[in-house]
Amino acid sequence: MHNLRTRRKMTQQELAQNLFDRSTISKIENNELSTTYENEIKLITRLGLTPNEFEYISNSYQVGTKNQLLYRFLNLDDNVDQEEINGLLQDCLFVKNDEDIKRIAIILKSLLLVNNAAAHARELVQPIWFNYLRNIEVFTITDITILNSILFAFDYQTANEIITKIITNLDNRYPFMKELKANTLINQAIIQMKEHQFKSAVSILNSLQPLLKSLRQYDKLLVANARIAICQNDKQTALDQVSLLQKIGAAKLAKSLKQEVKEFL
């Protein structure tokens with residue numbers, strides 16, 4: 001942080017303004033003191049950087065191992081094969097003393113079990129919420145992504161509790177993370193559908209459509225349209241959306257959505 005501050009011709013007093021006194025910044029720069037995640041983000045923002053840019057520069061302009069693993073985890077889709085999941089898991093197990101990567105490893109283990117031992121898969125990931133994240137007021141983006149990936153493990157009431165807290169964090173702290181909010185609302189809608197709360201699901205999906213259009217996520221927009229049709233017991237319209245997904249090359253998503261149509265209708 002010292003090098004970044006001096007390159008931007010900022011004094012310690014300027015960086016500390018309204019957060020700490022100057023001596024605290026000195027201790028942080030000399031690794032004599034750590035600060036909260038929230039204040040760390042404020043310091044990084046004051047330096048004119050995003051957290052990812054800060055880590056990239058601090059890591060000698062190289063993408064760190066953690067960010068590489070996080071990127072791979074974030075880009076797993078619903079139809080990824082077990083070999084790819086296991087490969088990512090083995091790479092995560094090489095990383096020591098990082099709680100985020102440790103939690104991701106647990107999730108990957110549960111994904112390997114979910115088809116054959118669903119109850120055990122749920123038991124593996126539930127402590128991530130109950131023993132840790134439930135007690136934290138401010139979520140990181142990684143926390144939110146992790147929670148979205150383990151909603152399957154919880155009962156209806158707990159899943160809604162988690163989603164409410166995610167949305168509060170996104171609205172209050174990360175309003176620019178629109179794609180992550182869209183993913184959360186999509187998850188909320190399918191949870192409502194599985195509980196046969198079809199009117200609530202349709203309301204969520206209708207409210208989501210303008211956001212998906214603004215993000216140009218037309219594949220997810222087709223999914224939203226199909227799920228609205230499912231909720232309204234309109235099988236043909238739902239299958240039409242599946243066909244459109246196939247035409248735009250989203251074959252895996254189309255296959256998964258076709259299974260949903262079969263499950264509900």
Practice item. Name the helices (runs of 4 or more DSSP H) wholly inside segment 4-52 in which the number of residues that are of a type outside the set (Val, Ile, Thr), at pLDDT 85 or above and more than 20 Å from residue 177 (Cβ to Cβ) is 1 or more. Key: 12-16, 22-29
Review point. Got a sec? Which of 143, 171, 155 is closer than 23 Å to residue 195 by Cα and among the acidic types (Asp, Glu)?
Key: 155
Exercise for review: Among the residues of segment 147-162, write down those that are in a helix (DSSP H, G or I) and crowded, with 20+ Cβ neighbours inside 10 Å.
Suggested key: 147, 149, 151, 153, 159, 162
Check your understanding: Which condition number does residue 138 fail, the rest of (1) open to solvent by less than 50 Å² (accessible area, probe 1.4 Å); (2) without any contact (Cβ under 8 Å) to a residue 60 or more places away in the chain being met?
Key -> (2)
Review point. Among the residues of segment 24-33, is any small (Gly, Ala, Ser) and either in contact with a strand residue (DSSP E or B) (Cβ under 8 Å, 6 or more places away or on another chain) or free of Cβ contacts under 8 Å to residues at least 12 places away in the same chain (or both)?
Key: no
Practice item. Need at least 2 residues that are of a type in the set (Lys, Arg) and surrounded by 14 or more Cβ atoms within 10 Å (Cβ to Cβ) per element, so show me which helices (runs of 4 or more DSSP H) inside segment 166-259 make the cut, counting only ones lying wholly within it. Key: 178-194, 218-231
**Study point:** Number of the exception - residue 262 against (1) under 26 Å from the mean Cα position of the chain (by Cα); (2) part of a helix (DSSP H, G or I); (3) over 21 Å from residue 145 (Cα atoms)
**Key:** (1)
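The values are calculated or read from the model by the stated rules, or taken from the named source; none is laboratory data. All of these numbers come straight from a predicted model, not from anything done at the bench. So basically every Cβ, Gly included, is an ideal-geometry build from the backbone, and we count neighbours across all protein chains shown. Surface areas here come from the heavy atoms of the whole protein model, side chains and all, with no ligands, DNA or RNA. Shrake-Rupley method; radii C 1.70, N 1.55, O 1.52, S 1.80 Å.
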